[in-house]
Amino acid sequence: MAKKEEDLDLDVEAGKSKTNLLIIILIVVILAVGGGVAAMFLLSDGDSKEDKGKEHETGGESHAAPAHAIYSALRPTFIINFEDTRKARYMQIDLNVMAHNQHAIDLVQEHSPVIRNNIITILSSQKFEEVNTYAGKQKLQKQLLDAINRTIDAEVKNTPATNHDEESSEHAPAEEIPGGKYIEAVYFTSFVMQ
């Protein structure tokens with residue numbers, strides 16, 4: 001009879017170990033599936049159902065502005081002399097422009113000579129004492145941003161509207177942006193005054 005009790009104990013212990021093993025396997029499977037789902041969400045391209053629906057409605061093309069900023073440097077460096085009778089003073093500036101629309105950056109590059117001319121005109125009219133302050137630099141930055149946007153807007157409006165065949169023309173007519181805010185910011189990447 002003692003032997004039968006031992007056999008029963010062994011069967012109960014074997015049953016417990018199988019149950020424990022089954023629970024451990026089930027936990028591992030749940031964690032693996034949960035990790036896979038989490039990885040899918042984290043590594044997905046971020047398209048929501050609304051974005052996919054909009055793409056479907058517009059024929060697969062998304063016309064929304066990219067979420068990231070696009071920068072373009074205005075080269076070469078601007079070097080301007082101050083009109084000061086006491087001593088020779090100059091300003092050396094490197095500028096970058098920022099937009100969220102590649103079309104706006106392309107327009108800056110396309111109209112670069114006119115934009116550079118207007119920037120040089122603004123820079124050469126500055127007073128050393130004014131630009132030497134933080135508030136003066138902020139004011140200059142705003143003046144440059146406004147001048148760049150006005151220049152692009154004027155150039156876009158002066159572009160003749162003609163029928164362009166895709167085969168006969170590299171560039172389509174420039175699109176006018178409502179409000180004329182093509183460039184969103186101007187940054188000084190180098191600013192030296194002496």
What FRET efficiency do you get for THR159 and TYR187 if R0 is 30 Å and r is their Cβ-Cβ distance, rounded to the nearest 0.05? 0.65
At 0.36 nm per residue, and after removing the present C-alpha to C-alpha distance, how many nm does the segment from ASP94 to ARG116 gain when stretched out fully? 6.7 nm
Listing HIS103, HIS111, HIS68 from the residue with the fewest other Cβ atoms within 10 Å to the one with the most, what is the order? HIS68, HIS103, HIS111
As a footprinting exposure proxy, order ASP106, ASP84 by other Cβ within 10 Å, with the fewest listed first. ASP84, ASP106
Taking the Cα-to-Cβ direction at LYS139 and at GLN102 and moving 7 Å from each Cα, how far apart do the two end points lie in nm? 4.0 nm
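Length gain on complete extension for the stretch LYS16 to GLU176, per 0.36 nm per residue less the alpha carbon to alpha carbon distance?
On the way: separation 160, 0.36 × 160 = 57.60 nm, distance 7.54 nm.
The span from LYS16 to GLU176 would gain 50.1 nm if fully extended.
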Spin-label pair GLN194/ASN132, simplified geometry with 7 Å Cα→Cβ offset, distance in nm: 1.6 nm
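Every number here is computed from the coordinates shown, using simple stated rules; none is lab data. Just so it is clear, the model here is predicted, and its values are computed rather than measured. Heads up, the Cβs are rebuilt from the backbone with ideal geometry, glycines too, and the neighbour counts pull from every protein chain shown.
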